[in-house]
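Notes follow once the structure below has been shown.
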């Protein structure tokens, strides 16, 4: 399933409404870790209507800043 | 004061500072809008319990618990109408009773229910997207516990901090710990040895602990002991089931897990306290191994966005008081510190002057305190008889005492707060010192001016008039 943010096909369903009402499902992208609920606003869950500023389809995730750096190993 | 969140909510209800929202709503956008709306009521706004979220029937959510100065005063055990300056001095007084007492209890309420199999956080917690362009569902008000891996028996180094947590899978979360946070010290020591760091994410705790978890304390000062000291009752703790970590016995929910060593994952953006979205970054990943909770747990979460929001109240006086204490140690002329704005990005200090130019020295002292180094970028000085919490008085000082040619000092190339949108590159900043105090000798004073004196007994009559006024309402 396509992620609404990074547009890769790594998204899948991770939850359903726990009260058994079938009110919504939650989806998660394993690549960019974006998650969304099926009942959210169109400009959150529809890639065509999302604010392009928040899209990650043209971003190399490996180059993101690491605010808490990994230290060298100490033996 | 209050042993846990439930006792506090009970008190808020008794004081008319808690409302229940029973109508059926969707998680998004309704919870966001309820939070924002209740926040926007202002300094007397109530906490809200929401108990009818579509898909989450039977689950309870508490929001805006620290969302007003009235609730803040009640948390301190004071009258809900207590003004900010009096709350500041009361907190400053109690600060000196550190350390308070810790007490370990068995059969803790926070472990009444234990979930170890098929953990699914999306189903256990009534999660929701706080701001529209957040990357997912966040825990914004957790008290997060870690220990120093090299000194695990030292309870003073056990850290309780509030860091944003994004749920990134049924049993997986990511957390932002910045390099200057205490948790980063623990993490570095674990990662140097390639060891997982045990962690407990506590949700819905005594309001004073939430308050202390977001306070910039020194590394070896205990948030638990501070909460106990200010509350005036022992802090009741219990051990996690799977780890040697101490958690509040009365917590509503505890997520026990481990930070996976030497791994960073995509996290954010998240609408942050400066009122802007953070970027997408690579942050630590945590595997949740166990969820424990009270029966019928209350999930507490916090709205933050365009200020003023609950986080501004929560991070308000607990930012002011440590800075005040640190200044006062060497500069007893300091009268009060207002660091309410965005966790102290702007700080207003009321101080008497020992000699000419002294106020500027106070500003430089503030800029070198542990919190001030990165945060305090706009430092405003006013005379000791100006109430720094009354912006009308501060603006009067601005209007009548600043000489632009010598009272505004800019220091470029200093550390900055990475989440401040004006910090460029993130982590670098510029300090601005604005001295709005009255010049004194040996500084050359060009014109002799006498300020109008304060009116005697005005505060006494203010209270009487206010009481008379409230009687006719």
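Taking neighbour counts of Cβ atoms within 10 Å as a proxy for exposure, in what order, fewest first, do B:399, B:423 appear?
Ordered from fewest to most neighbouring Cβ atoms within 10 Å, B:399, B:423 come out as B:399, B:423.
Inside 10 Å of the C-beta atoms of A:17-24, what's the mean count of C-beta atoms belonging to other chains?
6
Spin-label point model (7 Å from Cα, Cβ direction): what's the residue B:306 to residue A:60 distance in nm?
Taking the simple label geometry, residue B:306 and residue A:60 are separated by 3.7 nm.
Relative contact order for the stretch B:321-391: what percent, with Cα pairs under 8 Å and sequence separation of 6 or more?
Taking the mean separation of contacting Cα pairs over the length of the stretch B:321-391, I get 36 percent.
Given contacts defined as C-alpha pairs under 8 Å and at least six residues apart, what's the relative contact order of the stretch B:25-115, whole-number percent?
Relative contact order for the stretch B:25-115 comes out at 18 percent.
Can you pull a Stokes-Einstein diffusion coefficient for the stretch B:166-274 at 4 °C (1.567 mPa s), Rh from Kirkwood over Cα pairs, as a whole number of µm²/s? Working shown, then result.
Numbers: Rh = 15.5 Å.
So the translational diffusion coefficient is about 83 µm²/s.
Over all residues in A:25-36, what is the mean tally of Cβ atoms on other chains that come within 10 Å of each residue's Cβ? Don't skip to the answer; put the middle values down first.
Details: counts 2, 10, 0, 7, 4, 2, 1, 5, 15, 7, 11, 5.
Per-residue shielding by partner chains comes out at 6.
Where in the stretch B:160-197 does the amide nitrogen come within less than 17 Å of the point 7 Å from the Cα of residue B:102, taken along Cα to Cβ?
B:160-162, B:182-183, B:186
If you take each beta carbon of peptide B:251-264 and count the beta carbons of other chains within 10 angstrom, what is the mean?
Mean inter-chain Cβ contacts per residue within 10 Å come to 1.
Cα convex hull of chain A: mean projected area in nm², to one decimal?
Mean projected area of the Cα convex hull: 7.7 nm².
Using a 10 Å cut-off on Cβ atoms, rank the peptides B:403-410, B:51-58 from the highest mean neighbour count down.
Working: B:403-410: 11.2, B:51-58: 18.6.
Top of the packing list down: B:51-58, B:403-410.
Compute the acute angle (0 to 90°) between the alpha-carbon long axis of helix B:317-330 and the principal axis of greatest extent of the alpha-carbon atoms of chain B; round to the nearest 10°.
50
If all Cα-Cα distances of the stretch B:316-444 are sorted into 5 Å bins from 0 onward, what percent lands in each bin, rounded to whole numbers?
2, 12, 23, 24, 21, 13, 5, 1, 0
Rounded, prolate or oblate: pick one for chain B, where a ≥ b ≥ c are the square roots of the eigenvalues of its C-alpha gyration tensor, a/c under 1.5 means rounded, and failing that, prolate if a/b is larger than b/c, else oblate.
Prolate.
In percent, how large is the relative contact order of chain B, given Cα pairs closer than 8 Å and 6 or more residues apart?
Working: 1040 pairs, mean separation 66.5, N = 473.
Relative contact order of chain B: 14 percent.
Could you check the spin-label model distance between residue B:93 and residue B:361? Points 7 Å from the Cα along Cα→Cβ, value in nm.
Roughly 3.1 nm, to one decimal.
Can you tell me the order of A:13-19, B:177-183, B:424-430, B:200-206 when each peptide is scored by its average per-residue count of other Cβ atoms within 10 angstrom, highest first?
Result, highest mean Cβ count within 10 Å first: B:200-206, B:177-183, A:13-19, B:424-430.
How do the peptides B:358-370, B:247-259, B:315-327 rank, highest first, by the average count of neighbouring beta carbon atoms within 10 Å per residue?
Listed from highest to lowest mean packing, they are B:247-259, B:315-327, B:358-370.
Provide the percentage of antiparallel DSSP beta bridges, counting only those with both residues in chain B; round to the nearest 5. Please report the intermediate quantities before stating the final value.
Details: 54 of 76 bridges.
Taking every DSSP beta bridge with both residues in chain B, the antiparallel ones total about 70 percent.
Quick note: the coordinates plus some simple rules give every number you see, no bench work behind them. Remember, it's a predicted structure, so these values are computed and weren't measured experimentally. Please note: Cβ atoms are built from the backbone with ideal geometry, for glycine as well, and neighbour counts cover all protein chains shown.
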